[in-house]
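Peer 1: One structure follows; several queries about it will come next.
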Amino acid sequence: MDGSYWTQRLVRHACERLISLVRILRAVRRPLALILLFALASSAAAQTPALDALADLELTDQHGRSDSLGAHRGQTVVAMVVTAKRLRNLKAWERDFRNRSEGIHFLRIADIPSDPPTTYERVARKLNERVPEDVSVLIDMDSAWATELELDSGRPNILVIDADGTLLASFRGRFEPELAEEVFAAIEKALGDD
C-alpha cells in the first residue's frame, strides 16, 4: 500500500521542526520559547499543501472543453493524475467513486510525457476512441500537475482537495479495497469541512 505521500511528507517535516523546537526550548528561557512556539505553529499552518500554482491552469479535454481546479473553487475535488497509457487503471476507481460519492467533483488528468513526442490532437483522438463519450479527461501536455506535485504518474495518483483548494491527501496505486477506504475517509473529511 502506497499511503499518502503528502501526509508522510508533512509528518516528517513536522518531526524535524519539533526536534528543532526542543533544541530551542533547551537553549532559551520560557517567554522567548512561547513566542517561538507561536511562530512555528503559524508557519506550519501556512505550509499546508495548497494547489495555488495549479488552480488557474486550464487544461483541455479530448472533446476540446477547458477546465481547471480553480473552476471548482468552493467544492470538494478528487483529481486523478496518471499517464495517458495507464488511464485504464482508473476504471476500478471510477466504478467505486460512482457507487459511493455525492457532492464530489472529479478532474481526470492524463499526464503526457515528453518522450516520445506527441501532439494534443493525437492524444485527443486516442482518448476519443478509448474513453466513453461522457467521461472528460484533461490532457496535460506539459506534465504540470505531475511536476508541481512531484507525482510519479506511472500509477494512478488520487488527490483529495478541499473546498479551499488545499490538498488534504494524496494516494498512489491501483484500486485496492484497503486503499479505497483510506481515500474515502479523506473524501468524507473534506466533505465534512465544506
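Peer 1: Please enumerate, by chain and number, the aspartates and glutamates with C-alpha under 14 Å from the C-alpha of Lys189, excluding those fewer than 8 residues away in the same chain.
Peer 2: Within reach: Glu102, Asp162, Asp164, Glu181.
Peer 1: Label region 66-137 by shape, choosing from rounded, prolate and oblate, from the square roots a ≥ b ≥ c of the eigenvalues of the Cα gyration tensor; if a/c is under 1.5 it is rounded, and otherwise prolate applies when a/b is larger than b/c, oblate when it is not. Provide the component values of the computation, followed by the final result.
Peer 2: Values: a/c = 2.10, a/b = 1.53, b/c = 1.37.
In terms of gyration-tensor shape, prolate.
Peer 1: Can you tell me how region 91-194 classifies by the Cα gyration tensor, rounded, prolate or oblate, using a/c under 1.5 as the rounded cut?
Peer 2: Values: a/c = 1.94, a/b = 1.57, b/c = 1.23.
Because a/c hits 1.5 or more and a/b exceeds b/c, region 91-194 counts as prolate.
Peer 1: Find, among the GluC sites (Glu not before Pro) in region 107-194, those assigned to loop by DSSP (not H, G, I, E, B) with at most 10 other beta-carbon atoms within 10 angstrom.
Peer 2: Numbers: sites: Glu121, Glu129, Glu133, Glu148, Glu150, Glu178, Glu181, Glu182, Glu188; in loops: Glu133, Glu150.
Sites meeting the loop and neighbour criteria: Glu133, Glu150.
Peer 1: In debye, nearest 20: dipole of region 88-140 around its Cα centre with unit charges on the Cβ of K, R (+) and D, E (-)?
Peer 2: On the way: 10 positive and 10 negative charges, 44 e Å.
It works out to roughly 220 debye.
Read-outs: derived from the displayed coordinates by stated rules, not from any lab. Just so we're clear, the structure is a prediction, and the values are computed from it rather than from any experiment. Please note: Cβ atoms are built from the backbone with ideal geometry, for glycine as well, and neighbour counts cover all protein chains shown.
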